[in-house]
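A.B. asks: If you scroll down you'll find the structure; I have some questions about it.
The values are calculated or read from the model by the stated rules, or taken from the named source; none is laboratory data. Fair warning: this is a prediction, and the values are worked out from it, not measured in the lab. Positions of Cβ are backbone-derived with ideal geometry, glycine not excepted, and every protein chain shown enters the neighbour counts. These accessible areas exclude ligands, DNA and RNA; they are computed on the full protein's heavy atoms, side chains included. Shrake-Rupley method; radii C 1.70, N 1.55, O 1.52, S 1.80 Å.
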Amino acid sequence: MKFLQQLTFYCLLAGTGYLAFNYIYDAIFKVSGNNPYFMKQVFAIASLLVLYILYKSFQVGELSSNYLGGIKWVLISWLPYIIVTIGYLVLAKLQGKI
């Protein structure tokens, strides 16, 4: 059972970390099109918060050997992305884009 917890923890940690670094890379090196909301930059800022939360999840999961707690922290780290996405949808809805 502990092996499955470790496997789940590391897969979630690696996937979320890759996503965070990808958003930061896109914000810095990719040209933003005709986006008035600067969504790439907002996701990059949210990714910095996500990376901090992932660091906390690593501390809880690996250093304390509490993999279930680490998984909870990784899932909590998805909240900034969800909040930014909901904010974008609300702004688009208010302006009649969707």
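A.B. asks: Is there a residue in segment 31-50 that is in a helix (DSSP H, G or I) and farther than 25 Å from Val90 by Cα? Don't jump to the end; show me each part of the working.
C.D. replies: Initial filter on segment 31-50 (in a helix (DSSP H, G or I)): 39-50.
Next cut, farther than 25 Å from Val90 by Cα only: none.
Checked segment 31-50: no residue is in a helix (DSSP H, G or I) and farther than 25 Å from Val90 by Cα.
A.B. asks: Would you be able to tell me the number of residues in segment 55-67 that are out of contact with any helix residue (DSSP H, G or I) (no Cβ under 6 Å at 6 or more places or on another chain) and part of a helix (DSSP H, G or I)? Explain how you work it out, then say what you get.
C.D. replies: Filtering segment 55-67 for residues out of contact with any helix residue (DSSP H, G or I) (no Cβ under 6 Å at 6 or more places or on another chain) gives 55, 58-59, 62-65.
Next cut, part of a helix (DSSP H, G or I) only: 55, 58-59, 62-63.
Count: 5.
A.B. asks: Also, I was wondering about something else. Quick test of your reading of the structure: Gly96 fulfils all but one of (1) open to solvent by less than 70 Å² (accessible area, probe 1.4 Å); (2) in contact with a Phe, Trp or Tyr (Cβ under 8 Å, 6 or more places away or on another chain); (3) over 16 Å from Gly15 (Cβ atoms); (4) not aliphatic (A, V, I, L, M). Name the failing condition by number.
C.D. replies: In the conditions (1) open to solvent by less than 70 Å² (accessible area, probe 1.4 Å); (2) in contact with a Phe, Trp or Tyr (Cβ under 8 Å, 6 or more places away or on another chain); (3) over 16 Å from Gly15 (Cβ atoms); (4) not aliphatic (A, V, I, L, M), Gly96 misses (2) alone.
A.B. asks: In the list Ile28, Ile71, which residue meets the criterion of being among the aliphatic types (A, V, I, L, M), touching a residue at least 12 places away in the same chain (Cβ under 8 Å) and surrounded by 13 or more Cβ atoms within 10 Å (Cβ to Cβ)?
C.D. replies: Result: Ile71 is the single residue among Ile28, Ile71 that is among the aliphatic types (A, V, I, L, M), touching a residue at least 12 places away in the same chain (Cβ under 8 Å) and surrounded by 13 or more Cβ atoms within 10 Å (Cβ to Cβ).
A.B. asks: Give the residues of segment 74-93 that are buried (at least 18 other Cβ atoms within 10 Å of the Cβ) and in a loop (DSSP other than H, G, I, E, B), sorted by residue number.
C.D. replies: Ser77
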